[in-house]
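Reviewing the structure listed below.
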């Protein structure tokens, strides 16, 4: 009887915990955007979230735990944004041709900036790098699944599908690099021309794989 009576309270505690985690992660993304990785301390996140130290540490005992959870949420938000933007194109071939611009808009999200900040920090922090590997692996799998589904919907199979999987990774890495360069100066003409060139290369890739269908 007691166990049955306590279930609603357990559910309320679980929902409160999930909401607290969401608040903390959202605050961490804001801090990473505004303060960088070095400035995103547990104390900074506490202040941004309006929560006590105990509330934060109860959910994330260490800073690395917090960063790993934040990057997982940020990467999932990026994947969700990519899926949402892609769904605006009903024609699969048009959706494939839009992939470069969709990836580019995803790279402009605050979530993407947070990911970049933590990835750069992981170069010098071995424990952080280890914590991020399973998260990165999961997201890479989701990117491959998205690209494979998009390819099949556009009737691109075999070598074309394999080429698309590699091309999607190259696009993401290239666009992340462009984003990093523009962080220093939004008006660098050569970098914008490089972005235009990436768009042209993407269209040429689409021409090749779509021409090879069926």
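The values are calculated or read from the model by the stated rules, or taken from the named source; none is laboratory data. Every value quoted in this text rests on a predicted model; they were computed, and no experiment measured them. In this analysis, Cβ positions are derived from the backbone assuming ideal geometry, glycine residues included, and neighbour counts consider all displayed protein chains.
Some values worked out for this structure:
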{"read-out": "Answer from 148, 136, 163 - the residue that is closer than 18 Å to residue 73 by Cα and either surrounded by 13 or more Cβ atoms within 10 Å (Cβ to Cβ) or not assigned by TED's automatic domain parsing to the domain that holds residue 206 (or both)", "value": "136"}
{"read-out": "Test: residue in segment 140-155 that is in a loop (DSSP other than H, G, I, E, B) and touching a residue at least 24 places away in the same chain (Cβ under 8 Å)", "value": "yes"}
{"read-out": "Qualifying residue in segment 176-187 (condition: over 30 Å from residue 40 (Cα atoms) and surrounded by fewer than 16 Cβ atoms within 10 Å (Cβ to Cβ))", "value": "no"}
{"read-out": "Verdict on residue 101 being over 21 Å from residue 146 (Cβ atoms), surrounded by fewer than 18 Cβ atoms within 10 Å (Cβ to Cβ) and in contact (Cβ under 8 Å) with a residue 40 or more places away in the chain", "value": "no"}
{"read-out": "Count of residues meeting criterion [more than 17 Å from residue 183 (Cα to Cα) and surrounded by 18 or more Cβ atoms within 10 Å (Cβ to Cβ)] in segment 104-132", "value": "4"}
{"read-out": "Residue among 84, 76 that is in the same structural domain as residue 181 (by TED's automatic domain parsing), under 24 Å from residue 175 (Cβ atoms) and in contact with a helix residue (DSSP H, G or I) (Cβ under 8 Å, 6 or more places away or on another chain)", "value": "76"}
{"read-out": "Residues of segment 101-125 satisfying the condition of being farther than 15 Å from residue 28 by Cβ and under 15 Å from the mean Cα position of the chain (by Cα)", "value": "102, 103, 104, 105, 106, 107, 108, 120"}
{"read-out": "Flag if residue 191 is surrounded by 13 or more Cβ atoms within 10 Å (Cβ to Cβ), in contact (Cβ under 8 Å) with a residue 60 or more places away in the chain and touching a helix residue (DSSP H, G or I) at 6+ places or on another chain (Cβ under 8 Å)", "value": "no"}
{"read-out": "Failed item, numbered, when residue 158 is tested on (1) at pLDDT 95 or above; (2) on the phi > 0 side of the Ramachandran plot", "value": "(1)"}
